[in-house]
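Here's the structure we're looking at; comments come further down.
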Amino acid sequence: MPSSPEDAPGFTDPLDSSVLHATDNGVSWITLNRPEAMNAVTWDQRERLIALLARASADPAVRAVVLTATGRGFCAGADLRGAPPTGDRIPGDVARTIRLGAQRLIAAVLDCEKPVIAAVNGTAAGIGAHLAFACDLVLAADSAKFIEVFVRRGLVPDGGGAYLLPRLIGPQRAKELMFFGDALPAAEAERLGLVNRVVPAEELAATARAWSLRLADGPTRALALTKQLVNASLGADRATSFAAEAMAQEINMTTQDASEGVASFVERRTPKYRGL
């Protein structure tokens, strides 16, 4: 018996049609659904995405997440028209807005305790590109493209862009993308290492489903600890990383899945992980 309606396979959350949510076979599918706006993210959508990612972390029935969108665009950036009204701007307002807004959204993806797959169906620009790059695995339709659009507006990249891109492709490539703001086709993004796999557009959903089901069948806590180790290693020295690795393995060995993995190896059978 599911602990809540959303635990039931195929359940679709009716609360917000602009961010669709369904759980199926241990996978949480989160879909941006404002195709008429190329899925530019409003304030309300951002808060819903953050809440759904937090819920995925806390729900033992969810063992992987797919983030995707409808229409021709994955996410065209931030749409501030839906933000709560504010008075006259004072010093500190912009920085505070970014900290509490775009940076919280990117952090929610990075900190999600379940592996997150981006299935990029179309244009990912600005915060939309960073939303994809923050995911653990990135699939892209062959028609997709990525744009560091900020320079076109005379803006500094936000939403974690200057943190994410140098760690993914190095500072020189990151600066090239951010200085010029040129559209980066999916195939080139794959060559640079920003995308794991480019597939024909009609195969994107099926590929995302296949990858997410493999993750959902895996040792969920081990994957969470692995994600944490890799993300933390990008800003840590060797001694800190080695210490974190040893502690993560210590913690992981207390899980049922670790015991099952070892037992299945000894017994020469396929492990059956439960995410516990």
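Using only alpha carbon pairs under 8 Å that are at least six residues apart, calculate the relative contact order of segment 111-190 and give it in whole percent.
Relative CO of segment 111-190 lands at 32 percent.
Percent of accessible area on segment 225-276 owned by carbon and sulfur, 1.4 Å probe?
Carbon and sulfur: 59 percent of the exposed surface of segment 225-276.
Counting only residues 5 or more places away or on other chains, whose amide H sits under 5 Å from the amide H of S143 once H atoms are built in the peptide plane?
So S143 has HN proximity to A201.
Nearest 10 degrees, 0 to 90: what angle lies between the long axis of helix 43-58 and the longest principal axis of the chain (Cα atoms)?
Approximately 10 degrees, to the nearest 10.
For all pairs of alpha-carbon atoms in the chain, what percent lies in each bin of width 10 Å, listed from the first bin to the last filled one?
7, 27, 35, 22, 8, 1, 0
Quote the relative contact order of segment 31-149 in percent (integer), defining contacts as alpha-carbon pairs under 8 Å separated by 6+ residues.
Numbers: 222 pairs, mean separation 36.7, N = 119.
Answer for segment 31-149 is 31 percent.
Would you calculate, for the chain, the mean residue ellipticity at 222 nm contributed by helices, counting each DSSP H stretch of 4 or more residues as -39,500 (n - 2.57) and dividing by all residues, to the nearest 500? Each step should come with its number before you reach the end.
Details: 11 runs with 120 residues, N = 276.
Mean residue ellipticity at 222 nm (helix-derived): -13000 deg cm²/dmol.
Under unit Cβ charges (Lys, Arg +1; Asp, Glu -1), what dipole magnitude, rounded to 20 debye, does the chain have relative to its Cα centre?
On the way: 29 positive and 31 negative charges, 74 e Å.
My answer is approximately 360 debye.
Give me the net charge for the shell around T220: Cβ to Cβ below 10 angstrom, other residues only, Lys and Arg +1, Asp and Glu -1.
With Lys, Arg at +1 and Asp, Glu at -1, the neighbours total +1.
Using alpha carbon centroids, what distance separates segment 225-265 and segment 131-193, in Å?
Here the answer is 29 Å between Cα centres.
Measure nothing but the geometry: give the 0 to 90° angle between the long axis through the Cα atoms of 171-180 and the longest principal axis through the Cα atoms of the chain, rounded to 10°.
Helix 171-180 sits at roughly 40 degrees to that axis.
So what is the accessible area of the chain per residue, in Å², with the probe set to 1.4 Å?
Numbers: 14570 Å² over 276 residues.
Per-residue value: 53 Å².
Could you tell me the relative contact order of segment 145-188? Use alpha-carbon pairs under 8 Å, at least six residues apart, and round to a whole percent.
Working: 39 pairs, mean separation 26.6, N = 44.
Computed over segment 145-188, the figure is 60 percent.
Need one number: % antiparallel among DSSP beta bridges in the chain, to the nearest 5.
Approximately 35 percent, going by the DSSP bridge assignments.
The values are calculated or read from the model by the stated rules, or taken from the named source; none is laboratory data. What you see is a predicted model; the values in this text were computed from it and never measured. In this analysis, Cβ positions are derived from the backbone assuming ideal geometry, glycine residues included, and neighbour counts consider all displayed protein chains. Each accessible area value is taken on the protein alone, full model and side chains, heavy atoms only, with ligands, DNA and RNA left out. Shrake-Rupley method; radii C 1.70, N 1.55, O 1.52, S 1.80 Å.
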